[in-house]
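The values are calculated or read from the model by the stated rules, or taken from the named source; none is laboratory data. Source: prediction; values computed, not measured. Because the Cβ atoms are built from the backbone with ideal geometry, glycine has one as well, and the counts that use them run over all protein chains shown.
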Amino acid sequence: MTNSKTLLVTGSTGQLGQSLKAIARDYPNYKIVFASRQQLDLSDVESIDSYFQQTRFDVIINCAAHTGVDKAETEVELANQINHFAVKQLADIAATQNSKLIHISTDYVFNGKQCRPYRETDIVEPQGVYGKTKLAGEHAIQKVLNTNAVIIRTSWVYSEYGNNFVKTMLKLGRERDSLNVIFDQVGTPTFANDLAKAIFDIVQSDYFNQIQFDTNIVHFSNEGVCSWYDFAKTIFESAHIQCSVNPIETKQYPTPAKRPHYSVLNKAKIKDRYKLIIPYWKDSLHQCLTALLDLQK
């Protein structure tokens, strides 16, 4: 059933794209094409059209996004093109070519004012341009593809690749004696490697391999809950870095984009539907730190 499947991963140089590439050898039954911005530029309508003119994929996994949360406040047009209009274009292509689509979205579609983990059916109310454009992308997929699309909302993604909170903390922690880190924003870190494995689990699942299934949204992050302050403290403890962390409130660290104060995701749906076992965030952090050490050797 899976032997002839061809998969496309967009945004292949991003954190998730590189994590998917790193474990792709564990899935030899698939022919996987990894497209970087040089090959497939979601900011360019013609680049998207020309890329798919000669090629068809069984599954399109869209990892590309304008993820600069603060930059999006001033780069509104670019964020809207990549996170919304290009996503609609990919959905149109998937519909025309009879491909299945997996699209990565975000916890920023919520306003962060809730006090229990967000379910897929909870009211969405993004607070900034990034969240609004990502939500518009979700809606575009749902409008174009009634079937055969999965939208995965995730949160606080980090990895051994690219720029992220973990790597920033490691760098600053080695340079400074103390750091101020926000304690009143609560969520769950997501190790990109775990999300990559979950995506492959979905692609291999009986549910996904039905001839047709209803387009749906699912939530994925690691298990557990923490603040950015807790996250930083654990990074330093795990990496044996002597740097004291001072908890501060969001209002003491103003940013162009408003962040949700609470964005813990309820993962019951994805665990039940795709039979996933999701690791605890501290265990995955240890894995990431080990992988970073391996890369430095």
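Tabulated values for the structure
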{"item": "Yes/no for residue 248 being surrounded by 15 or more Cβ atoms within 10 Å (Cβ to Cβ), of a type in the set (A, V, I, L, M), at pLDDT 95 or above and within 19 Å of residue 164 (Cα to Cα)", "result": "no"}
{"item": "Some residue of the range 219-234 being more than 28 Å from residue 124 (Cβ to Cβ) and among the aliphatic types (A, V, I, L, M)", "result": "yes"}
{"item": "Residues that are of a type in the set (A, V, I, L, M, F, W, C) and either closer than 14 Å to residue 64 by Cβ or touching a residue at least 60 places away in the same chain (Cβ under 8 Å) (or both), drawn from the range 20-38", "result": "20, 22, 23, 33, 34, 35"}
{"item": "Options 267, 251, 258, 282: the member that is of a type in the set (Lys, Arg) and without any contact (Cβ under 8 Å) to a residue 12 or more places away in the chain", "result": "251"}
{"item": "Selection within the range 40-50 - surrounded by fewer than 18 Cβ atoms within 10 Å (Cβ to Cβ) and in contact (Cβ under 8 Å) with a residue 24 or more places away in the chain", "result": "43, 45, 49"}
{"item": "Scan of the range 27-74 for residues that are under 20 Å from the mean Cα position of the chain (by Cα), acidic (Asp, Glu) and assigned to a loop (DSSP other than H, G, I, E, B), ordered by number", "result": "41, 70"}
{"item": "Criterion violated by residue 18 - all others in (1) outside any helix (DSSP H, G or I); (2) closer than 24 Å to residue 191 by Cβ; (3) out of contact with any Lys or Arg (no Cβ under 7 Å at 6 or more places or on another chain) satisfied", "result": "(1)"}
{"item": "Looking only at the range 83-117, and only at residues there that are among the β-branched types (Val, Ile, Thr) and in contact with an Asp or Glu (Cβ under 9 Å, 6 or more places away or on another chain), the one that is nearest to residue 134 (Cα to Cα)", "result": "109"}
{"item": "Helices (runs of 4 or more DSSP H) enclosed by the range 99-216 - at least 1 residues per element that are surrounded by fewer than 20 Cβ atoms within 10 Å (Cβ to Cβ), modelled with pLDDT of 95 or more and touching a Leu at 6+ places or on another chain (Cβ under 8 Å)", "result": "165-175, 192-204"}
{"item": "Near pairs, Cβ below 6 angstrom, 6+ apart or cross-chain, from the range 141-163 (farther than 25 Å from residue 259 by Cα) to any residue that is assigned to a helix (DSSP H, G or I)", "result": "144/91; 144/92; 144/95; 145/91; 145/95; 149/141"}
{"item": "Unique match (being under 20 Å from residue 14 (Cβ atoms) and over 13 Å from the mean Cα position of the chain (by Cα)) among 173, 137", "result": "137"}
{"item": "Hey, residue 221 touching a residue at least 12 places away in the same chain (Cβ under 8 Å), under 22 Å from residue 170 (Cα atoms), outside any helix (DSSP H, G or I) and under 18 Å from the mean Cα position of the chain (by Cα) or not", "result": "yes"}
{"item": "Qualifying residue in the range 175-190 (condition: over 28 Å from residue 261 (Cβ atoms) and in contact (Cβ under 8 Å) with a residue 12 or more places away in the chain)", "result": "yes"}
